[in-house]
Amino acid sequence: MTDTNMKAAAPASGQPLLKPLVLILLAIWGMTVMTAAKNGVFDAVGDQPPFAIVVAALLPPALFLLAYRTLSGVKAWVGAIDLGLVTAVQGWRVVGAAFVFTWGYGLLPGTFAIPAGYGDILVGLAAPFVALMIWQKSAGWRTAAYGLIFIGFLDFISAFAMGVILRENGPVYQAGDLHTGLLAEFPLTMIPSFLVPVFMILHIIAILKLRGR
């Protein structure tokens, strides 16, 4: 590979994706979610849906969009991020394999764990290849980038829907059935309550980059 190709296949140096302030905010955010989980904040009450987990997943992306629209510093931060890099970070979605392992131990229903777990694994494995296409500006790179975002959001939507439907005392629950109550307990709840909104924000950044906003 020539020097020119090597430069095209790698992100620009000094990308501000993990600036000190961002790391601090991530640490505070993660510790807050962990503390809430250990204190039962995400536990479902009776036959009610897990509203706390839904809020934990959707509120941070909403706040990020609000900050992007109102704060010039956030816009500048997003503008300086490399699209390939923010796409490659989606490779960490392979942590969704935890759902598959948990199902294998008989702790989660397969109806939830199999599509949610393998959906995350699919996105995680595809992300580095899509990032490489972006860096090299290969044919169809924009379509691949949008495709990864679409599959990524579809995985989140289906996982949350099945998680709610298959909860204890949910609409299809019968006594003795496996349910998704474990998703409210630490450490597994860190996936829907912390990692999911982080990856959602990364998808949103990618959309903003692709639209050239």
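The values are calculated or read from the model by the stated rules, or taken from the named source; none is laboratory data. Being a predicted model, the structure only gives us computed values, none of them experimental. Cβ sites come from the backbone with ideal geometry, for glycine too, and all protein chains shown count toward neighbours. Side chains are part of the model used for accessible areas, which takes the heavy atoms of the whole protein and leaves out ligands, DNA and RNA. Shrake-Rupley method; radii C 1.70, N 1.55, O 1.52, S 1.80 Å.
Candidates 119, 96, 152: the one that is in a helix (DSSP H, G or I), open to solvent by less than 50 Å² (accessible area, probe 1.4 Å), free of Cβ contacts under 8 Å to residues at least 60 places away in the same chain and not aromatic (Phe, Trp, Tyr) is 119. With respect to being over 14 Å from the mean Cα position of the chain (by Cα), open to solvent by 70 Å² or more (accessible area, probe 1.4 Å) and free of Cβ contacts under 8 Å to residues at least 40 places away in the same chain, residue 107 falls outside the description. Of all the numbered requirements in (1) open to solvent by 30 Å² or more (accessible area, probe 1.4 Å); (2) assigned to a loop (DSSP other than H, G, I, E, B); (3) in contact (Cβ under 8 Å) with a residue 24 or more places away in the chain, residue 176 misses one, and that requirement is (3). Please go through the range 10-47 and pick out each residue that is surrounded by 14 or more Cβ atoms within 10 Å (Cβ to Cβ) and at pLDDT below 50. Hits for the range 10-47 are 10, 11.
Is it the case, given these coordinates, that residue 201 is open to solvent by less than 10 Å² (accessible area, probe 1.4 Å) and not small (Gly, Ala, Ser)?
For residue 201, the condition - open to solvent by less than 10 Å² (accessible area, probe 1.4 Å) and not small (Gly, Ala, Ser) - is not met.
Residue count for the range 70-93, restricted to those that are surrounded by fewer than 19 Cβ atoms within 10 Å (Cβ to Cβ) and outside any helix (DSSP H, G or I): 1. For the range 52-93: of the residues being hydroxyl-bearing (Ser, Thr, Tyr) and under 20 Å from the mean Cα position of the chain (by Cα), which is farthest from residue 183 (Cα to Cα)? Ranking the candidates gives 68 first. When residue 139 is tested against (1) surrounded by fewer than 16 Cβ atoms within 10 Å (Cβ to Cβ); (2) assigned to a helix (DSSP H, G or I); (3) without any contact (Cβ under 8 Å) to a residue 24 or more places away in the chain, just one condition goes unmet, and that condition is (2). Every test in (1) open to solvent by 50 Å² or more (accessible area, probe 1.4 Å); (2) touching a helix residue (DSSP H, G or I) at 6+ places or on another chain (Cβ under 9 Å); (3) without any contact (Cβ under 8 Å) to a residue 12 or more places away in the chain is passed by residue 67 save one, and that test is (1).
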